[in-house]
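The values are calculated or read from the model by the stated rules, or taken from the named source; none is laboratory data. Given the structure is predicted, the values throughout are model-derived calculations rather than measurements. Virtual Cβ from ideal backbone geometry, glycine too; neighbours counted across all protein chains shown.
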Amino acid sequence: MDLKERSSVDPWTHWYYLTKLNAIRQHVAGLGYEMTRVLDVGAGSGFFSLALTRECPDAVVTCVDPNYRDDELGERGRAVFVRVADPQSVGRADTMLFIDVLEHVEDDQSLLRHYVDLAPPGCVVVVSVPAFMSLWSPHDDFLEHRRRYRLSEIVRVVRESGLEVIEARYLFGVILPVVWTVRRLRRGRAAASDLRPTPRLLNRILIATVSWEHRHLRNRLGGLSAFVVAEKPVRAAD
């Protein structure tokens, strides 16, 4: 969860965060391994990494974000919050999360490659980025995004960073037409977040509808987010 939006909604109940979490959990759990050392890059509040490891009592989580205040740094429970990841933490990670991070930096591939080079073979990397420049809106201006991606574009970045793609798809496709229309109407307005509390009934409907999509469809046509699960190759010994 972006630090600029952490006071907007409760991610533990909001449809957007819960359905994205379920999509990540579905694909990571499907790989059949237990997360023990998770590195969450651009973690913000740390919602996704902490939620993914909630039932893994032995998991150690490192949340990395250059925008943490001094009073937010250090250990809290089984998570440690840092502005810069030390190479040892990266080298021990079995899972790395880049959830809505790469769109914020000038050189997305260099950032991802930096971590991939330090990661151990077999490390699973989960990447989510906002999809389609046609969806650009004051929300992107507010969050200081530099770009939005087509699925093929983020897949290329992931592969050229030295990873093997396991899964690539769009998320939130079922609500794409509505969001596209609303954002077209809001173009030209002042920068502002789209994230706000949702009425309880609508929140439940969105959770059910979007969760069904993420569970049953492999959407490669369009959505609000482009989503990739990849792995650092395990090279055979010479």
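Do we find a residue being among the charged types (D, E, K, R), surrounded by 11 or more Cβ atoms within 10 Å (Cβ to Cβ) and over 30 Å from VAL234 (Cα atoms) anywhere in the stretch 200-214?
Yes - at least one qualifying residue is present in the stretch 200-214.
When ALA93 is tested against (1) closer than 21 Å to VAL158 by Cβ; (2) out of contact with any strand residue (DSSP E or B) (no Cβ under 6 Å at 6 or more places or on another chain), only condition (2) is not met.
Summed over the stretch 28-60, residues that are assigned to a strand (DSSP E or B), touching a helix residue (DSSP H, G or I) at 6+ places or on another chain (Cβ under 7 Å) and of a type in the set (A, V, I, L, M) total 3.
Does the stretch 69-78 contain at least one residue that is in contact (Cβ under 8 Å) with a residue 60 or more places away in the chain and either within 26 Å of GLN109 (Cβ to Cβ) or not small (Gly, Ala, Ser) (or both)? Checked against the condition, which is being in contact (Cβ under 8 Å) with a residue 60 or more places away in the chain and either within 26 Å of GLN109 (Cβ to Cβ) or not small (Gly, Ala, Ser) (or both), the stretch 69-78 yields no hits at all. Being in contact with an Asp or Glu (Cβ under 7 Å, 6 or more places away or on another chain), farther than 20 Å from ASP100 by Cβ and of a type in the set (D, E, K, R) is a condition met by at least one residue of the stretch 142-164. Within the stretch 215-236, does at least one residue satisfy the condition of being part of a strand (DSSP E or B), at pLDDT 95 or above, closer than 17 Å to ASP140 by Cβ and touching a strand residue (DSSP E or B) at 6+ places or on another chain (Cβ under 9 Å)? Looking for residues that are part of a strand (DSSP E or B), at pLDDT 95 or above, closer than 17 Å to ASP140 by Cβ and touching a strand residue (DSSP E or B) at 6+ places or on another chain (Cβ under 9 Å), one finds at least one in the stretch 215-236, hence yes. With the structure loaded, tell me whether GLY74 is at positive phi and more than 18 Å from the chain's Cα centre (by Cα) or whether it fails that test. Yes, satisfied.
Okay, residues lined up against (1) among the polar types (S, T, N, Q); (2) more than 13 Å from the chain's Cα centre (by Cα); (3) on the phi < 0 side of the Ramachandran plot:
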{"position": "MET35", "(1), (2), (3)": "no, yes, yes"}
{"position": "VAL41", "(1), (2), (3)": "no, no, yes"}
{"position": "PHE48", "(1), (2), (3)": "no, no, yes"}
{"position": "ALA51", "(1), (2), (3)": "no, no, yes"}
{"position": "ASP58", "(1), (2), (3)": "no, yes, yes"}
{"position": "THR62", "(1), (2), (3)": "yes, yes, yes"}
{"position": "ARG69", "(1), (2), (3)": "no, yes, yes"}
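Filtered by the rule that a residue be over 18 Å from TRP15 (Cβ atoms) and small (Gly, Ala, Ser), the stretch 153-194 gives SER161, GLY162, ALA168, GLY188, ALA190, ALA191, ALA192.
Being of a type in the set (S, T, N, Q) and at pLDDT below 95 is the filter here, so list the residues in the stretch 147-193 that pass it. Selection gives THR181, SER193.
With the condition kept exactly as written, say whether any residue in the stretch 66-88 is assigned to a loop (DSSP other than H, G, I, E, B) and within 16 Å of ILE154 (Cβ to Cβ). No, the stretch 66-88 contains no residue that is assigned to a loop (DSSP other than H, G, I, E, B) and within 16 Å of ILE154 (Cβ to Cβ). For the stretch 1-27, taking the residues that are small (Gly, Ala, Ser) and assigned to a loop (DSSP other than H, G, I, E, B), the one that is nearest to ARG215 (Cα to Cα) is identified as SER8. Suppose we keep only residues that are touching a Ser or Thr at 6+ places or on another chain (Cβ under 8 Å) and over 21 Å from VAL84 (Cα atoms) within the stretch 130-147. Which one would you say is surrounded by the fewest Cβ atoms within 10 Å (Cβ to Cβ)? Top of the filtered list is PHE142. Screening SER49 against (1) over 30 Å from LEU217 (Cβ atoms); (2) touching a strand residue (DSSP E or B) at 6+ places or on another chain (Cβ under 7 Å); (3) hydroxyl-bearing (Ser, Thr, Tyr) leaves a single unmet condition, (1).
Evaluate the following for VAL116: is it under 15 Å from the mean Cα position of the chain (by Cα) and modelled with pLDDT of 95 or more? So VAL116 does not fit the description; no.
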